[in-house]
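Nothing in this text is a laboratory measurement; each read-out follows from the coordinates by a stated rule. Quick caveat, the model's predicted, so the values are computed rather than measured. Cβ atoms come from the backbone with ideal geometry, glycine included; neighbour counts cover every protein chain shown.
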Amino acid sequence: MRISRRATLSLRALALLYLTLLLLLPLAVVFARTFEHGLAVAWTWMTTPAAISAFWLTVLVAVIAVPLNTIFGVGCALVLVRGRGRGRPLLDALLDLPFLVSPVMVGLSLILVYGEQGWFGKWFVSQGISIIYAVPGIVIATIFVSLPFVVREVAPVLIEVGDTQEQAAATLGASSWQTFWRVTLPSIRWGVAYGVVLTTARALGEIGAVLVVSSNVAGSTLTLPLLVYQRSSQIGAQSITSAYAAATELAVMSLVVLLAMTLLGPRRREAQ
Amino acid sequence: MRIDVQAVTKSFGDFRALHDVTLVVPQGSLTALLGPSGSGKSTLLRIIAGLETPDSGSVLIAGNDVTAARVQERCIGFVFQHYAAFAHMSVCENIAFGLRIRKRPKAEVRERVDELLALVGLTKWAQQRPDQLSGGQRQRMALARALAVSPQVLLLDEPFGALDANVRTELRRWLRRLHDEQHVTTVLVTHDQEEAMDVADTIAVMNTAEIEQVGSPRDVYDRPATEFVMGFLGPVSRIDGRLVRPHDVTVSPLPRSDAIEAVVSRVVHLGFEVRIELELPGGEAARAQLTRAQADELGIEPEDIVYVKYPAAQVALTA
């Protein structure tokens, strides 16, 4: 399709306007509000006990969820692409479930299973472990919603790379384990890295599923997105300022992830 | 080492790739599996390697039944059509792979890799990545990688298929020389009869999941066991209900009692050779191949009437 120069320019202007109104302007307002009383005030709000606790909880959840989903995702991609089992189409469909169902429903279903009255919940309660309305529930919910990213990034790369390098490794005497570490993983590394970045972004930003399973107590079970949500729905200038500060923190974390994505993007395409 | 393939059968779904195939590859030989695509030659090679498992039958390497053995245990060298180079490793690391897997001492690995780099003429490229090499260089690297572990047998799956014609010729000469020096029992899969005749000392001609004939290049060319083998190994003409090689057909402008009358439909000059396309009395088309000197002497032109003869001693199949 050929587009005239004029049409190209107006399309660009339209796209830019759209992004500005929906994304850049609100983001800029958040930043502006956070820093309107100066850096020192903003820093005070960012370092309240509630904000610090939320920051570390968010990091903790990501640190648990991302590696687990990376291992699981690479394993699933290998089963889907290289496997011979009959269950593959079913697994393939199941892996999209977290994308398809609403996160709120995910949270609710976790309550049904792990809640005090839930199937496994009763056993956990008898062991003195609480999952729902506690940190483990938040971790499980985050794992669930960020599950498909690594699989969906790695599977196409595995298909593209093909299995002849793996066959060559086998003819040279490498066991499956050696082949995986020395041949397969290096050839899919950029796909894995990109999947990790997407998983991290989702894990940091998730609110729907986490909201349902969190007790929403500042200082213990509030992640940064939950803190923003809670404070922005409360009345009072202080709450709003606190929300802005937390949102800025979250935005900075997202920007780091965005930077990682931008840096990885070309290498990932190159690898494919 | 000697390879024995005994009554091997293999199907992929409804497709029968190999049917009751038996083959002996003598120790130290360079055997070509020659056939059109889909004839089962690659499947047979992959079964010898252990990359596929046969539905029935067995494979012996050096007299040991390896049918149930995994690829890793067979001590084979395998070269793939599209190189299968480890893209993230340097040439040097590619060649060292098998030795490192076997946890050989570093000094030994380095020595062996240097020796192989020199053998395949890639010493200058040792630190390059495979994607910086030409196709021919990549395949030489793949050969060095396969030879590094001193395999019992070397298996090559259409190794020159992805290369330019001149590189292909050069590489197959080189492979032959290498084989003459190293005497590793080698099986080469190819669909190119010229390549098979050039490189191999034994040719197994395959067609539709079976081996049609095994013999030396001269054997299969001069004494083809079946019509398929004759047709696959070189051009054929059907004259008088017999299959003959065009270069065995003689053409003369003078009538002879034992010759067949034909009309010249086309004269094609192919450098040194001249191909005469003929129309036989029944309307059948046939070909004769002459040297340029012969053709000049006869002075044949299209529309001429000529007399065609093939030698009585010619082994021609009646089909």
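Using 0.36 nm per residue of separation minus the Cα-Cα distance, give me the extension gain between A:Leu258 and A:Arg84 in nm, one decimal.
Taking A:Leu258 through A:Arg84 to full extension adds about 59.0 nm, to one decimal.
Two tests apply to each whole DSSP H helix in chain A, Cα reach of 24 Å or more along its axis and mean Kyte-Doolittle hydropathy of at least -1.0, and the ones passing both are A:49-82, A:185-205, A:237-271.
Is region A:37-267 rounded, prolate or oblate when judged by the Cα gyration tensor, a ≥ b ≥ c being the square roots of its eigenvalues, rounded requiring a/c under 1.5 and prolate requiring a/b larger than b/c? Taking the square roots of the gyration eigenvalues as a ≥ b ≥ c, region A:37-267 is oblate.
Paramagnetic label reach from A:Leu91 (point 7 Å along Cα→Cβ; backbone nitrogen cut-off under 11 Å): within region A:50-76, residues A:73-76.
Take each residue of peptide B:149-157, count the partner chain Cβ atoms within 10 Å of its Cβ, and average: the result is 1. Model label points for A:Leu25 and A:Ser220, set 7 angstrom from Cα along the Cα-to-Cβ axis, are 4.2 nm apart. Using a cutoff of 8 angstrom between alpha carbon atoms and counting only pairs six or more residues apart, the relative contact order for chain A works out to 28 percent.
Annotation: aspartates and glutamates with alpha-carbon distance below 14 angstrom to B:Lys103 (same-chain offsets under eight excluded): B:Glu93. The lysines within cross-link reach of B:Lys10, meaning a Cα-to-Cα straight distance under 16 Å and a gap of 8 or more places when in the same chain, are B:Lys41. Here the relative contact order of region B:88-158, from alpha carbon pairs under 8 Å that lie six or more residues apart, stands at 47 percent. The slack between B:Thr53 and B:Arg292, meaning 0.36 nm per residue of separation minus the straight C-alpha distance, is 80.9 nm. Partner shielding of A:162-170 amounts to 6, given as the average count of beta-carbon atoms from other chains within 10 Å of each residue beta-carbon.
Comparing mean-square fluctuations of B:Glu158, B:Glu284, B:Glu212 from a GNM of chain B with C-alpha springs under 10 Å, the top value falls on B:Glu284.
Its relative contact order, with pairs defined as Cα atoms under 8 Å and 6+ residues apart, puts region A:212-264 at 26 percent.
Here the simple spin-label model places points 7 Å from the Cα toward Cβ, and for B:Leu254 and B:Glu115 these points are separated by 6.6 nm.
Across peptide A:178-189, the mean count of Cβ atoms from other chains lying within 10 Å of each residue's own Cβ comes to 2.
Paramagnetic label reach from A:Ile159 (point 7 Å along Cα→Cβ; backbone nitrogen cut-off under 20 Å): within region A:171-199, residues A:184-185, A:187-196. The length gained on full extension between B:Glu181 and B:Lys106, counted as 0.36 nm times the residue separation minus their Cα-Cα distance, comes to 24.4 nm.
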